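Data block below; observations after.
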Amino acid sequence: MAVLTAKPPVRRSLPQGAARRAVGRNLTAYGFLCGALICFAFFSWYPMVREVFLSFQENNFVDPAKWVGFDNFRTVIEDPAFRSAWLNTAAFTGLSLVIGYAVPFVLAVVLNELRHARGYLRFVVYLPVMLPPAVGVLLFKWFYDPGAGLFNQVLAVFGLPPLAWLDSSSTALVSLVLVSTWMNLGTGTLIYLAALQSIPGELYESAELDGAGLFKRVWHVTIPQTKLILLVMLLLQVVATMQVFIEPYLLTGGGPENATVTVAYLMYQYAFNFGDFGGGGALGLMLMVVLMVFSAIYLRVSRDNEGGR
Amino acid sequence: MTTTLQPRQVLEATTPAPATRRTRKRKKDKGRGYETRSLVSPLALQSWHGKLTYWTVLVVVVTGFTLAFVFPLYWMVTGALKSPEEIAQIPPSFFPKTFDFGVYADAWNQLQLGVFLKNTIVYAGGAWLLTLAVDVTAAYALSKLRPYFGKVILALMLATLMIPPMVLLLPTYLVAKDVPLFGFNLLNTPWAIWLPAAANGFFIFLLKRFFDSIPRELLEAAEIDGASPMRILWSIVLPVSRPILGVVSILSVVTVWKDFVWPLLVLPETDKMSISVGIASLSAQMPQNVLIASLVIASLPTILVFFVFQRSIMAGLTAGSLKG
């Protein structure tokens, strides 16, 4: 992120007597910092280190931990759910991108053209984001109900056969993607909207004078002008959706037949259902490595951007 | 302090604070004349063909958004009013036949929603206070006092934003269960929520960026007058930082309120659960309409907050992502 943007402090060379003042200033500063340092040390920095230890150790939290090398990884990889978990996570992310990435952009482009009801539309699209995720998920669980559920009733109105939604391995994952997209669509839409508003109107004007139609203007002006935010959002969304947990936890419990087990959910199961924190740690570390790749690209992209400004 | 009035005026003119930038843009949107054009030229909208297309699109979008985002909420609120028979009936009724608010009372009593709500208020409120205390002082120290290694510390804090919280779930849980060096067990205590919430690199980043924009001369003048760093923070920095403090406050409260996984792990006792976890864990035993009523109750606070603080929430959203 913006680590490098802060201007370097002007280091005035200190006169002889001022050394004591500098020490005093540092002591004060660290006094102010100590709360944050403690919180970060215990709840961010140390857990990162602990994560690595966890995944290479066998630990019952009573006896001293034992180094077991890659044993935890072997256990996890040999689990039949392992393959499904990664495939499902990838599918979930991919599907979320198809719906949850393209749709907000289209919505934002359309919203940006509307001159009426802007406040209402903006408010409404962000409403689901404000719901506690547990509420959103449980609400959809009721909608998905194969009997009197709202969705099957709507299908019936159009003369379509009811779907099993969460109960069939072919539709369960898509159902999870739908909930998650519904809950998170607003964020992307509003961010794109903000980005669209900074595009200079002259660009559209000159493109139009050159004879560019509506879609050509979108393709040659809107998309290049928002390229960076599109890329940033892509990376952020990959990182966010790959951590999916609450939807499988509350809706399907990973079923039917492992169709909705995700890596994060499997990690939780290992630790809290099987009592195997080593295996859970190994899964967490694998997920961390994958996500770090995307985070690193994100960091690179946003830094390049700031250099260019 | 006589200086408190002046800096705010200076700041309003000079700071690119996300909150103020947003309001300025809005005002321009609301003005009559649209001097800036977008994808579709104003001229194209003048023709009857253009007008027809515009109004068609508008109607479709407004209807679509209402159906997609408001209707589910309407269905939730009215669903809770229906009797168990009505809720299971096919086809469903659009308007509830009875307006029996007793279901809400049932939800409140049977699910001990009062306890869950009180817990959640304690968790969110405490997290808010601790976050402000910890992150404001840290950002102030990093921005204005500039200690040695300050940049390294800031970099380490921002680096935590790169690690998704989910992958650190297990080790962080183990810390909360048995804090290293101290050996405290924070499970089932509010501290398990408060302390991790305060370690927020994003808030420190937002606050530091705002503090950086406060003119140095102002603080130096106060320093010459003999004000201590604490006094400077309290009497100069905080009053001019109201917009960003508002954004951070709302974001921190809403984040804790919405969180699910972490409270699920660290507050396993039923009496200590937050409202999201409480409802989810009791959902299986409840009649459908009671459960839905409790969903409504659980979502009311965040929706109300959104109604009131819309602008700040959206400002925080764009502040976070456009210049991440």
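How high is the FRET efficiency from A:Ala22 to B:Thr63, r the C-beta distance, R0 51 Å, rounded to 0.05? Don't skip to the end; give the middle numbers.
Values: r = 65 Å, r/R0 = 1.28.
Computed FRET efficiency for A:Ala22 and B:Thr63 comes out at 0.20.
Skipping prolines and chain starts, which residues have an amide H placed within reach, meaning under 5 Å, of the one on A:Gln57, given they are 5 or more residues away or on another chain?
When sequence neighbours closer than 5 places are left aside, the close amide H contacts are A:Val68.
Let me check I have the definition right: for the range A:178-309, take the eigenvalues of the Cα gyration tensor, multiply each by 5, take square roots. What are those semi-axes in whole Å, largest first?
41, 18, 10
Can you list the aspartates and glutamates whose alpha carbon is less than 18 Å from that of A:Lys66, not counting same-chain residues fewer than 8 positions off?
Those aspartates and glutamates meeting the cut-off are A:Glu51, A:Glu58, A:Asp276.
Within 10 Å of each Cβ of A:204-210, how many other protein chain Cβ atoms are there on average? It would help to have the intermediate numbers written out before the result.
Numbers: counts 6, 2, 0, 1, 6, 1, 0.
The per-residue average across the peptide is 2.
Hey, with R₀ at 41 Å, roughly what FRET efficiency would B:Ile303 and A:Phe158 work out to, going by the Cβ-Cβ distance, to 0.05?
0.85
Chain A: longest stretch without exposed chymotrypsin sites (Phe, Trp or Tyr not before Pro) (DSSP loop, at most 15 other Cβ within 10 Å), sites themselves excluded? Please list the in-between numbers first.
Numbers: sites that count: A:Phe61, A:Phe70, A:Phe158, A:Phe274.
The segment A:159-273 is the longest one with no such site.
Quick check: residue separation of A:Arg83 and A:Phe274 times 0.36 nm, minus the Cα distance between them. What number comes out in nm?
66.9 nm
Compute the label zone of A:Glu257 within the range A:42-84: residues whose backbone N is under 16 Å from the point 7 Å along Cα-to-Cβ.
Answer for the range A:42-84: A:80-84.
Just the number, please: carbon plus sulfur as a percent of the accessible area of the protein assembly as shown, 1.4 Å probe, no ligands or DNA/RNA counted. Present the calculation step by step, with values, prior to reporting the outcome.
Values: 19460 of 29200 Å².
For the protein assembly as shown, the apolar C and S fraction of the accessible surface comes to 67 percent.
With the cut-off at 1.5 for a/c, could you classify chain B from its C-alpha gyration tensor as rounded, prolate or oblate?
oblate
Averaged across A:116-128, how many Cβ atoms of other chains sit within 10 Å of each residue's Cβ atom? Can you show the working numbers first?
On the way: counts 5, 5, 3, 4, 4, 7, 3, 7, 7, 3, 6, 10, 6.
Across the residues of A:116-128, the mean count of other-chain Cβ atoms within 10 Å is 5.
In the Gaussian network model of chain B, springs joining C-alpha atoms below 10 Å, which of B:Leu45, B:Leu195, B:Leu207 carries the largest mean-square fluctuation?
The residue with the greatest mean-square fluctuation here is B:Leu45.
Grab the other residues whose beta carbon is less than 11 angstrom from that of B:Leu58, score K and R as +1, D and E as -1, and report the net.
With Lys, Arg at +1 and Asp, Glu at -1, the neighbours total +2.
Does chain A come out rounded, prolate or oblate by the C-alpha gyration tensor, with a ≥ b ≥ c the root eigenvalues, rounded set by a/c under 1.5 and, if not, prolate when a/b is larger than b/c and oblate if not? Let's see the in-between values first.
Values: a/c = 2.20, a/b = 1.07, b/c = 2.07.
Oblate, because a/c is 1.5 or more while a/b does not exceed b/c.
What residues of the range A:143-169 lose no less than 30 Å² of accessible area with every protein chain in place versus their chain by itself (probe 1.4 Å, heavy atoms only)?
Going by heavy-atom accessible area, the residues of the range A:143-169 that drop by at least 30 Å² are A:Phe143, A:Ala148, A:Leu150, A:Gln153.
What's the buried accessible area, both sides, between A and B using a 1.4 Å probe, rounded to 100 Å²?
The contact between B and A buries close to 10300 Å².
In whole Hz and in residue order, list the ³J(HN,Hα) couplings for the range B:114-130 that follow from phi through the Karplus curve 6.51 cos²θ - 1.76 cosθ + 1.60, θ = phi - 60°; x for Gly and Pro.
These are the phi-based 3J(HN,Hα) values: x, 5, 4, 5, 4, 4, 5, 4, 4, 5, 5, x, x, 4, 4, 4, 5 Hz.
How many Å² of accessible area per residue for chain A, probe 1.4 Å?
Roughly 46 Å² per residue, with all protein chains present.
Cross-link list A:Lys141/B:Lys258; A:Lys216/B:Lys51; B:Lys97/B:Lys118; B:Lys177/B:Lys272; B:Lys177/B:Lys208: which exceed 26 angstrom alpha carbon to alpha carbon?
Checking Cα-Cα distances, B:Lys97/B:Lys118; B:Lys177/B:Lys208 exceed 26 Å.
The values are calculated or read from the model by the stated rules, or taken from the named source; none is laboratory data. As the structure is a prediction and not an experimental result, all values here were calculated from the model. FYI the Cβ positions are ideal-geometry reconstructions off the backbone, even for glycines, and counts take in every protein chain you see. What goes into the accessible areas is simple: the full protein's heavy atoms, side chains included, and nothing from ligands, DNA or RNA. Shrake-Rupley method; radii C 1.70, N 1.55, O 1.52, S 1.80 Å.
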